[in-house]
Amino acid sequence: MIIEIDLYSGFCTGVKKAIDRAEKELEKGETVYCLGDIVHNTQEILRLKSMGLITIDYKTFKELKNCKVLFRAHGEPPESYEIARKNNIRIIDATCSIVSSLQRKIKCSIDRISGDGQIVILGKEDHAEVIGLVGQTGGKAIVVEQLDDLTKIDYTKPVYLYAQTTKAKDHFLIMKEEIKNRIKQVKGDSEETLSSFETICVQVLNRETHLRNFAGQHDIILFISDPKSSNGKMLYEICKKINPRSFFFSDEKELDLNWIKNVSSVGICGATSTPHWLMQKVKNKIIENIKLT
Ligand code: SF4
C-alpha cells in the first residue's frame, strides 16, 4: 500500500513563525502567555502547553500586568496594543506579515474613503483575524460570510470588498458577483461603486490547486484538521469534491481502520494549522496495522 503525506500540507509560514517565536521565548524559562489559541489545533496547543505556554482569553488579558504576551499569527485589533501599553505588557508580536499588510490596507482604505463608502470583509465574524481587521476600521467594517449576509450592505453607496486570508477563492468570486448584481439592480452600473481586493493568502490559494491534484491521485484521502479550523473545513471540501472517499478527523485516535480496507493508496493531508507530526502519527498507525494483519 502506498501511504503518502502531502508535503504541502501542514503549518503555513505565518503559523510556523508564531510557534517558533513561542518556543524561543519559552526556552528562556520565563512565563509566556498567548492571547487566544496560537493555532486552531488542540494537539499542538497541548504540546506547547506542556512546554509552559499559557493560553489566555481577552478577559484575563485585560487583567494582566507586567508580563509577556504573545499575539498570534491572526493579528490583533489596535485595542489589544493599547491594553498592553497601559498594563506594561511586553508584546511578542507574531502577527503574520501577510495579515499585517492586509490590516494596513484596510486601515488606509477607511482613512481614504469618503464618508459614505463601506468596507466589506468576506470572513467569519468571530474569527480572530477578522476581529483584527474590523478593528482597523474602528468597528465600521461590515462582515459577510454567506449570501444571506449581503442584506447588510447599502447598495446605493460605494463598496470596498476584502477577504479574510483563508477564504476560498471560488466563494470570494461568487460573493463579489452577487454584490455587483445587487449594485446594478440599484444603480444600473457596478464598476464605479465596487472596488474589490482578492486578499486571500497565496499559500492558501496554492494549496487549493495542489490539493485538487493530490486528492485525485489516491484511493482515499485522510484529511486531518481540528474542526475549529476555517481553512481546514474549506480545504477538506475541495478534497471531497474531487475524491468522495475523503475523511475528516482530528487525530490518530479517530482514524477508523475500516476506511483503509482494500485500498492500495492513501493520501494524508491537512490544513495550514495541522502539525506535520500529527500526520506522521496517522501514517505510523496505518503502518502498524498493516504489520499486525
Ligand atoms: S494562511 Fe497565510 S496569511 Fe494566514 S497566517 Fe498563514 S501565511 Fe499568514
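No value in this document is a laboratory result; all are computed from the given coordinates. Values in this document were obtained by computation on a predicted structure and should not be read as measured data. Every residue, glycine as well, gets a Cβ built from its backbone with ideal geometry; the counts of neighbours run over all protein chains shown.
Before moving on, here are some points about what is shown:
- Sorting Cys108, Cys12 from the fewest to the most surrounding beta carbons within 10 angstrom yields Cys108, Cys12.
- Three-way shape call for region 1-155 based on the alpha-carbon gyration tensor, with the a/c threshold at 1.5: oblate
- Positive end of the dipole of region 13-96 (Cβ unit charges, origin at the Cα centre): among Thr42, His74, Tyr58, the Cα lying farthest that way belongs to Tyr58.
- For the chain, the dipole from Cβ point charges (+1 on Lys and Arg, -1 on Asp and Glu) about the Cα centre works out to 400 debye, to the nearest 20.
- Ranked list, fewest to most other Cβ atoms within 10 Å of each Cβ, for Phe247, Phe214, Phe172: Phe247, Phe172, Phe214
- Here Met1 and Lys241 are evaluated by their C-beta separation; at R0 = 25 Å the FRET efficiency comes out at 0.55.
- Relative contact order %, the chain, counting alpha carbon pairs below 8 Å whose residues are six or more apart: 21 percent
- Distance-filtered residues of region 1-24 - backbone nitrogen under 16 Å, label point 7 angstrom along Ser264 Cα→Cβ: 1-4
- Contact order normalised by residue count of region 114-209, Cα under 8 Å, 6+ apart, percent: 31 percent
- Loop-resident GluC sites (Glu not before Pro) (DSSP state other than H, G, I, E or B) in region 1-46 with no more than 15 further Cβ atoms inside 10 Å of their Cβ: Glu30.
- Of Thr166, Thr60, Thr274, the one that fluctuates the most in a GNM where the chain has Cα springs shorter than 10 Å: Thr60
- Relative contact order, percent, region 13-96 [alpha-carbon distance under 8 Å, six or more residues apart]: 35 percent
- Rounded if a/c under 1.5, otherwise prolate or oblate - the chain, Cα gyration tensor axes: oblate
- Positive-end residue, the chain charge dipole about Cα centroid, Cβ charges, pick of Leu150, Thr274, Leu122: Thr274
- Cross-link partners of Lys59 among aspartates and glutamates, defined as those whose alpha carbon lies under 17 angstrom from its own and excluding same-chain residues fewer than eight positions apart: Asp37, Glu76, Glu79, Glu82, Asp126.
- When the chain is treated as a Gaussian network with alpha carbon springs shorter than 10 Å, the biggest mean-square fluctuation among Asn243, Asn181, Asn258 belongs to Asn258.
- Sequence of Glu145, Glu125 once ranked by neighbouring C-beta atoms within 10 Å, starting from the fewest: Glu125, Glu145
- Cβ charges +1 (Lys, Arg) and -1 (Asp, Glu), total dipole of region 13-96, debye: 140 debye
- Per-residue [θ]222 nm for the chain (sum of -39500 (n - 2.57) over DSSP H runs n ≥ 4, rounded to 500): -14000 deg cm²/dmol
- Cross-link table Lys16/Lys241; Lys240/Lys291; Lys107/Lys176; Lys28/Lys105, entries beyond 26 Å C-alpha to C-alpha: Lys16/Lys241; Lys240/Lys291; Lys28/Lys105
- The slack in the chain from Glu79 to Lys291, taken as 0.36 nm per residue of separation less the alpha-carbon distance, amounts to 70.8 nm.
- Restricted to Cα atoms, region 13-96 shows a radius of gyration and a Dmax of 11.8, 33 angstrom.
- Cut-off of 10 Å, at most 12 other beta carbons, DSSP loop: longest stretch of the chain lacking such trypsin sites (Lys or Arg not before Pro): 141-260
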